[in-house]
Amino acid sequence: MNFTSKLPSTGTTIFTVMSALAKEHNAINLSQGFPNYSSSQKLNDLVTKAMNTGYNQYAPMAGNLDLRMAIAHKYELLYKSTYHPEKEITVTAGATQAIYTIISTFVRPNDEVIMFKPAYDCYEPAVEINGGVTIPIQLSAPNYKVNWEEVASKISSKTKMIIINSPHNPSGTIWSKDDMLQLQKLTKNTNIIVLSDEVYEHIVFDDAQHQSVCLFKDLKQRSFITASFGKTFHNTGWKIGYCCAPEVLMSEFRKVHQFNVFSVHHPSQKGIADYMQDAETYLSLNTFFQQKRDLFLNLISGSRFKFQPSKGTYFQVLDYSEITDEFDVDFAKRLTKEFKIAAIPLSVFNENDKDDKVLRFCFAKTDETLKKAANVLKRI
């Protein structure tokens, strides 16, 4: 058959490649971002209870109302910010579906979308498949700081959307209050939509505060927040997320969402809603993951890898420039095959495969796994 691909340059994701390689070589897999420990038994039991008590048919298109109310309560508790549970919150099949649907709803052919690289790999294909044009702003290791003069220079009459991500995957950095104020200043009195990927909002370290777009009045009025229960509650395979936005934006989002997914797994939604009645289920995550970050970094302190401690997410970037000058993809594959440990090379998220000689390691693993991984890394 003859057809023209809408994503001609897109291949298999690096996550699939590295996880498959890890499996083939029986390597410790610190590449793909998922925990290797169980989600809460209490949460599992609540989902089972929901199944047994009749939550087995379609959820409302916007999501189970109990869950949307729990989400609204969370924003009031954490940020003193209000989202109407019936009009401004929609439950999605993971954050990736929310991101794709937001882009599909608003981006038309030749619209420009600014994004910061290294960028999570679902952003650009969604823009491309909708005919949009990606305007990249490349950030540099190790600090990945934004040059706001460069951002200002990239904004044009064609700019439809700016995609941001903090805490940032893959670098583990976070945006400051000043960063958010700069973004608010640049977008004020424009029609630019901000898509704020905040899936790691509950994983911020060293007493730092997550700077959500909902904390900034003008930004909130033009922004979508996307979030993930899979990242929050250690069950990425459930693919339950949500997004929040002002009603005028959310009503447009739902026009597409209803024909894209319509609704997602109902018993999981009800179980999560009941689980969130105890706010400690998400408030305790910073401490939980900081202990894992600190354990991992203490264990590899004698290695030849250099690092700045991750400020958020459950990823740690390690600089290998004192070990080899290999291209990061090649080095990552060699580590998997020869040393039996898998990581993610960051060049695949950069413009023109910019190689900063760094790899991303996931520390959302059992302490036993992290100890085994550290022993390997110290031998390299």
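The values are calculated or read from the model by the stated rules, or taken from the named source; none is laboratory data. Bear in mind the structure is a predicted one, so any value in this text is a computation, not a measurement. Here the Cβ positions follow ideal geometry from the backbone for every residue, glycine too, while neighbour counts run over all protein chains shown.
Figures for the structure shown
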quantity: Flag for ASP274 being within 30 Å of GLY54 (Cβ to Cβ) and out of contact with any Phe, Trp or Tyr (no Cβ under 9 Å at 6 or more places or on another chain); calculated: yes
quantity: Scan of segment 182-226 for residues that are among the acidic types (Asp, Glu), closer than 20 Å to HIS84 by Cα and either surrounded by fewer than 21 Cβ atoms within 10 Å (Cβ to Cβ) or not assigned by TED's automatic domain parsing to the domain that holds GLU149 (or both), ordered by number; calculated: ASP218
quantity: Which listed residue is among the aliphatic types (A, V, I, L, M) and more than 22 Å from ILE344 (Cα to Cα), from ALA62, ALA126, ALA141; calculated: ALA62
quantity: First in segment 155-173 and in the same structural domain as LEU219 (by TED's automatic domain parsing) and more than 14 Å from TYR123 (Cβ to Cβ), second anywhere and of a type in the set (Val, Ile, Thr) and in a strand (DSSP E or B), Cβ under 8 Å, 6 or more apart; calculated: ILE155/ILE114; LYS158/VAL133; THR159/VAL113; THR159/ILE114; THR159/ILE135; PRO167/VAL204; SER171/VAL317; GLY172/VAL317
quantity: Selection within segment 273-296 - in contact with a strand residue (DSSP E or B) (Cβ under 7 Å, 6 or more places away or on another chain) and crowded, with 20+ Cβ neighbours inside 10 Å; calculated: ARG293, PHE296
quantity: Selection from segment 32-70 of residues that are assigned to a loop (DSSP other than H, G, I, E, B), within 19 Å of GLY230 (Cα to Cα) and modelled with pLDDT of 95 or more; calculated: SER40, ALA59, ALA62, GLY63, ASN64
quantity: Elements of type strands (runs of 3 or more DSSP E) contained in segment 82-149, each with 1 or more residues being closer than 29 Å to LEU65 by Cα; calculated: 89-92
quantity: Within segment 103-122, tally of residues that are free of Cβ contacts under 8 Å to residues at least 60 places away in the same chain, surrounded by 19 or more Cβ atoms within 10 Å (Cβ to Cβ) and under 20 Å from the mean Cα position of the chain (by Cα); calculated: 4
